[in-house]
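The values are calculated or read from the model by the stated rules, or taken from the named source; none is laboratory data. Predicted, not measured: the structure shown is a model, and the values here were computed from it. For neighbour counting, all protein chains shown are included, and Cβ atoms are generated from backbone atoms with ideal geometry for every residue, glycine included. Quick note on the areas: whole protein, heavy atoms, side chains included, nothing else; ligands and nucleic acids left out. Shrake-Rupley method; radii C 1.70, N 1.55, O 1.52, S 1.80 Å.
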Amino acid sequence: QVQLVESGGGLVQPGGSLRLSCAASRSIFSIYAMAWYRQAPGKHRELVATISGGWTNYTDSVKGRFTISRDNAKNTVYLQMNSLKPEDTAVYYCNARTVVPVPNDYWGQGTQVTVSS
């Protein structure tokens, strides 16, 4: 029901910034929650940031550096990443959680973020 396409990844130096975008195939207004996850090789997929209604949440390691936002008119969710560190290197995935008609999670294809000098 929901197709997601991430973009904006790339190689950036430590301390730099990137903005990831997640474009949805339909309105995100009715989606329960949207989130960004990341996964490094050999690691579990980690929840990075969530936006739902009027609230947002972040994992401790990115608080103060990352900001999740959305533009309902453009059906797009963003992840602004500042003060990037090498440990932020991972594939970043957009996730959409729906509860109707049935509970489900939709995933984008992922976009690679590499933080290195």
Exercise. Go through region 104-117 and give me each residue that's buried (at least 18 other Cβ atoms within 10 Å of the Cβ) and in contact with a helix residue (DSSP H, G or I) (Cβ under 7 Å, 6 or more places away or on another chain).
Key: V113, V115
Quiz item: Filter region 83-98 for residues that are under 14 Å from the mean Cα position of the chain (by Cα) and open to solvent by 10 Å² or more (accessible area, probe 1.4 Å); which is nearest to L4 (Cα to Cα)?
Solution: Y93
Quiz item: In this structure, does T98 turn out to be of a type in the set (V, I, T) and at pLDDT 95 or above?
Solution: no
Quiz prompt | Exclusive hit being under 23 Å from G15 (Cα atoms) and modelled with pLDDT under 95, set S83, S61, S117 | solution = S117
Quiz item: Is it fair to say G64 is over 12 Å from the mean Cα position of the chain (by Cα) and open to solvent by less than 60 Å² (accessible area, probe 1.4 Å)?
Solution: no
Practice problem: Look at region 1-11 and say how many of its residues are under 14 Å from T114 (Cβ atoms) and surrounded by fewer than 17 Cβ atoms within 10 Å (Cβ to Cβ). | Solution: 3
Practice problem: Out of P14, P101, report the one residue that is outside any strand (DSSP E or B), over 20 Å from S117 (Cβ atoms) and open to solvent by 30 Å² or more (accessible area, probe 1.4 Å). | Solution: P101
Practice problem: Just name the residue that is farthest from I28 (Cα to Cα) out of those in region 61-93 that are in contact (Cβ under 8 Å) with a residue 24 or more places away in the chain and assigned to a loop (DSSP other than H, G, I, E, B). | Solution: K85
Quiz item: Is it the case that some residue within region 44-56 is touching a Cys at 6+ places or on another chain (Cβ under 9 Å), surrounded by fewer than 20 Cβ atoms within 10 Å (Cβ to Cβ) and assigned to a strand (DSSP E or B)?
Solution: no
Quiz prompt | Pairs with Cβ under 6 Å, 6+ apart, first in region 26-46 and closer than 16 Å to Y78 by Cα, second open to solvent by less than 40 Å² (accessible area, probe 1.4 Å) and of a type in the set (G, A, S) | solution = I31/A96; A33/S52; M34/A96; W36/A49; R38/A90
Quiz item: For residues in region 17-43 being assigned to a strand (DSSP E or B) and open to solvent by 40 Å² or more (accessible area, probe 1.4 Å), which is farthest from V102 (Cα to Cα)?
Solution: R19
